[in-house]
Amino acid sequence: MDKLKGVSWIIFIISVFAIIYALIFNPADWIVYAISLVFIPLSVLSLGLISMAQGTKEDEEDKTKEPFIGY
Amino acid sequence: MNLMAEILLNVLIAFFIGSLLFGLQRKVMARIQMRPGPPIIQHLLHTLKFFIKETVFPKTAAMPFYVVITLILMAIWVAAVIIGPVTHGPLLLLFAIFAIHKIVEHNAGSSSGSPYGKLSCVRAVFSAAAELPLFAVLIIIYLKTGTMDLAGIIAYQDAHGALLLSIPLTALMFIVLIISKSYYFSPFNITLAKDIISGFETEHFGTLRGFIMMSESITWYMLVWIFLTVFIGGLSPIGYLIGMVIVTAVIGLINAITPILNPNHSVMAEVTLAFIGIVGSIAMIYI
């Protein structure tokens with residue numbers, strides 16, 4: 001889970017920089033569209049993955065390693 | 001205004017207004033059923049709440065597709081905001097985005113590994129057979145106005161009056177399509193019907209659910225925006241807001257008083273309405 005947080009932080013920082021770049025330097029329209037389509041969703045999702053709550057270590061085993069019994 | 005700032009502003013407006021409209025729809029339904037109902041802000045709070053909840057990735061989920069599909073959902077509706085309110089681009093691209101939305105519903109359901117998700121995935125394919133023809137009634141717009149460009153359609157209505165009055169059947173068909181995308185107890189939204197829990201969203205919990213709900217709020221805002229722009233014309237921001245509240249309240253009323261249909265009946269009703277809409281509208285234009 002720590003790896004996930006680390007990757008989320010990296011993606012979030014890159015996304016914010018890309019959006020700020022488009023806001024300040026006003027590049028060509030197609031670059032702004034590309035930044036919007038890729039980095040707006042990525043920034044929101046990575047922020048969510050950073051801000052989400054984390055369960056205790058003991059519970060994590062039960063939640064992720066248990067076979068899906070409803071199948 | 002700077003293009004990026006305009007896109008960000010429109011995406012934020014779409015999210016907040018879309019969320020509040022879903023809250024309004026729920027409120028209208030509750031009042032019709034003689035309940036006080038939750039506050040209008042509830043859907044928005046519900047969406048934001050999921051961002052601080054724990055997210056668990058099921059062992060059976062097809063990673064990383066299980067996560068990426070939520071990104072695709074958001075990306076296509078950000079694209080719709082760019083094509084619609086920001087640039088007034090081609091209507092045909094919005095049709096393509098709606099088609100991709102159906103593919104996203106399908107893949108979100110299948111990527112989770114849950115039987116409820118998979119059933120919703122099958123229903124997404126089934127309902128696409130009805131919803132895509134309903135969106136395709138917008139071809140009638142081309143026959144009437146000679147353009148598929150939103151800016152051209154707005155200019156046509158400025159000169160000739162609202163299309164709602166000249167091709168009302170086409171507008172009605174589009175309303176049926178909007179009903180099929182309403183979040184709460186829609187008779188046509190078989191992919192999210194309560195008999196399969198939350199359909200393709202069942203296994204997407206925590207942050208991922210909040211993220212999907214955010215995209216769905218933008219979807220709702222955009223569908224109602226397309227309806228108002230294509231059938232009434234370019235409105236002022238206050239005009240759009242009033243129009244959106246009216247459309248959402250009417251759909252809340254429809255959802256409250258119609259039974260949940262089974263998938264076969266739902267799809268057949270939509271296909272029949274699409275057929276009536278296309279044939280009737282062409283007859284109204286040429287006869």
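Of note:
This table checks each residue for (1) touching a Pro at 6+ places or on another chain (Cβ under 7 Å); (2) open to solvent by less than 20 Å² (accessible area, probe 1.4 Å); (3) in a helix (DSSP H, G or I).
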{"position": "B:Glu54", "(1), (2), (3)": "no, no, no"}
{"position": "B:Phe57", "(1), (2), (3)": "no, no, no"}
{"position": "B:Thr70", "(1), (2), (3)": "no, yes, yes"}
{"position": "B:Leu92", "(1), (2), (3)": "no, no, yes"}
{"position": "B:Ile100", "(1), (2), (3)": "no, no, yes"}
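- Restricting the stretch A:40-58 to residues that are among the β-branched types (Val, Ile, Thr) and open to solvent by less than 50 Å² (accessible area, probe 1.4 Å) leaves a set whose member that is nearest to B:Arg209 (Cα to Cα) is A:Val44.
- Between B:Ile32, B:Ile40, B:Ile17, B:Ile72, the distinction of being touching a helix residue (DSSP H, G or I) at 6+ places or on another chain (Cβ under 8 Å) and within 11 Å of chain A (Cβ to nearest Cβ) belongs to B:Ile72 only.
- Of residues in the stretch B:43-52 being open to solvent by less than 60 Å² (accessible area, probe 1.4 Å) and either at the interface with chain A (Cβ under 10 Å from one of its Cβ atoms) or among the charged types (D, E, K, R) (or both), the one farthest from B:Ser186 (Cα to Cα): B:Phe51
- Residue within the stretch B:176-184 that is touching a Pro at 6+ places or on another chain (Cβ under 9 Å) and touching a residue at least 24 places away in the same chain (Cβ under 8 Å) present: yes
Quick grid of which residues meet (1) open to solvent by 20 Å² or more (accessible area, probe 1.4 Å); (2) under 30 Å from B:Leu261 (Cα atoms); (3) out of contact with any Leu (no Cβ under 7 Å at 6 or more places or on another chain); (4) within 14 Å of chain A (Cβ to nearest Cβ):
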position	(1), (2), (3), (4)
B:Gly152	yes, no, yes, no
B:Gly161	yes, no, yes, no
B:Ile167	no, yes, yes, no
B:Gly199	no, yes, no, no
B:Met214	yes, yes, yes, yes
B:Leu235	yes, no, no, no
B:Tyr240	yes, no, no, no
B:Thr248	no, yes, no, no
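- Residue list for the stretch A:11-39, filter: open to solvent by less than 20 Å² (accessible area, probe 1.4 Å) and within 10 Å of the chain's Cα centre (by Cα): A:Ser15
- Which listed residue is open to solvent by less than 10 Å² (accessible area, probe 1.4 Å), out of contact with any Gly (no Cβ under 9 Å at 6 or more places or on another chain) and not β-branched (Val, Ile, Thr), from B:Met1, B:Met74: B:Met74
The values are calculated or read from the model by the stated rules, or taken from the named source; none is laboratory data. This is a predicted model, so every value here is computed, not measured. Backbone-built Cβ (ideal geometry, glycine too); neighbour counts: all protein chains shown. All accessible areas refer to the heavy atoms of the entire protein, side chains included, with ligands and DNA or RNA removed. Shrake-Rupley method; radii C 1.70, N 1.55, O 1.52, S 1.80 Å.
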